[in-house]
Amino acid sequence: MGTTEPPLRGAIFTIEQLELHAKTLAAGHALSPGRGDDRLLRRLADSERVIDRCHELMSGAHAAGRRLTLSADWLLDNHYVIEEQISLARAHFPRGYSRQLPHLKGGESAGLPRVYDLILQFISHVDGRVDAEALARFLSAYQSVTRLTLGELWSVAIMLRLTVIENLRRVAVSMS
């Protein structure tokens, strides 16, 4: 099923720590010139395939009477929710939109949209638990150092979906 990437887990931050982290990210993010690609949509399609395959494996194991972990049970029970979120992300993130967003020049997220990396960092440090106040303060702290474009702000909700789906993909692979 591809290379195993660990789930998105960093130290869990308080809101104040999130704000400091956002400012550090803003100071360190260097943008690449030119336009990016649609790598996020390709990754979304690949994540859907990986999650579906893991769901099939867990369904087979369940049908065979094997005990499943709580995570595997959750995947079985909530697969339809994941599929719904994938469909929403695909519908609300038009092909080519990613190319218009500022992309990072270096680091692990080189070539990816800056806002995607920003939300990935947020999700990593809140253990996937999205809180509106924490997100607003995180984004505000980032923008106190570096302004995000209107397009980036518009895409925050979609980036949240994409990063949570990415994390579900990583957790699903770790279960199989």
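The table that follows gives values for the structure above.
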quantity	calculated
The range 1-92 - charge dipole about Cα centre, Lys and Arg +1 at Cβ, Asp and Glu -1, debye rounded to 20	260 debye
For the range 18-26, Karplus couplings with θ = phi - 60° (6.51, -1.76, 1.60), whole Hz, Gly/Pro x	4, 4, 5, 5, 4, 5, 5, 4, 4
Per-selection Rg to Rh, the range 7-105 - Cα, Kirkwood hydrodynamic radius	1.10
Nonlocal amide H pairs with LEU104, under 5 Å, H built at 1.01 Å	SER32, GLY111, LEU112, ARG114
The range 97-176 shape via C-alpha gyration tensor axes, a/c threshold 1.5	oblate
Principal-axis tilt of helix 114-125 within the chain, Cα atoms, nearest 10 degrees	60 degrees
The chain: relative contact order in percent, alpha carbon pairs under 8 Å with at least 6 residues between	46 percent
Structure-based [θ]222 nm, the chain - -39500 (n - 2.57) summed over DSSP H runs of at least 4, per residue, nearest 500	-21000 deg cm²/dmol
Accessible surface of the range 1-128 [probe 1.4 Å, protein heavy atoms]: carbon and sulfur percent	53 percent
Segment ARG42-MET175, extension gain: residue separation times 0.36 nm, minus the distance between their alpha carbons	45.6 nm
Surface accessible to a 1.4 Å probe, per residue, for the residues of the range 73-176, Å²	46 Å²
Check: the range 35-176 dipole with +1 on Lys, Arg Cβ and -1 on Asp, Glu Cβ, in debye	440 debye
Computed magnitude of the charge dipole of the range 101-176 (debye, nearest 20; Cβ of K, R +1, Cβ of D, E -1)	120 debye
Most to least packed among 25-33, 108-116 [average Cβ atoms within 10 Å]	108-116, 25-33
Derived scalar couplings ³J(HN,Hα) [the range 128-141; Karplus, 6.51 cos²θ - 1.76 cosθ + 1.60; whole Hz; x for Gly, Pro]	x, 8, 8, 10, 4, 5, 4, 5, 4, 5, 4, 5, 5, 5
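The values are calculated or read from the model by the stated rules, or taken from the named source; none is laboratory data. Values in this document were obtained by computation on a predicted structure and should not be read as measured data. A quick note on method: Cβ atoms are made from the backbone with ideal geometry, for glycine too, and the neighbour counts reach across all protein chains shown. Ligands, DNA and RNA are stripped out before the accessible areas are found, and what is left, the full protein with its side chains, is counted by its heavy atoms. Shrake-Rupley method; radii C 1.70, N 1.55, O 1.52, S 1.80 Å.
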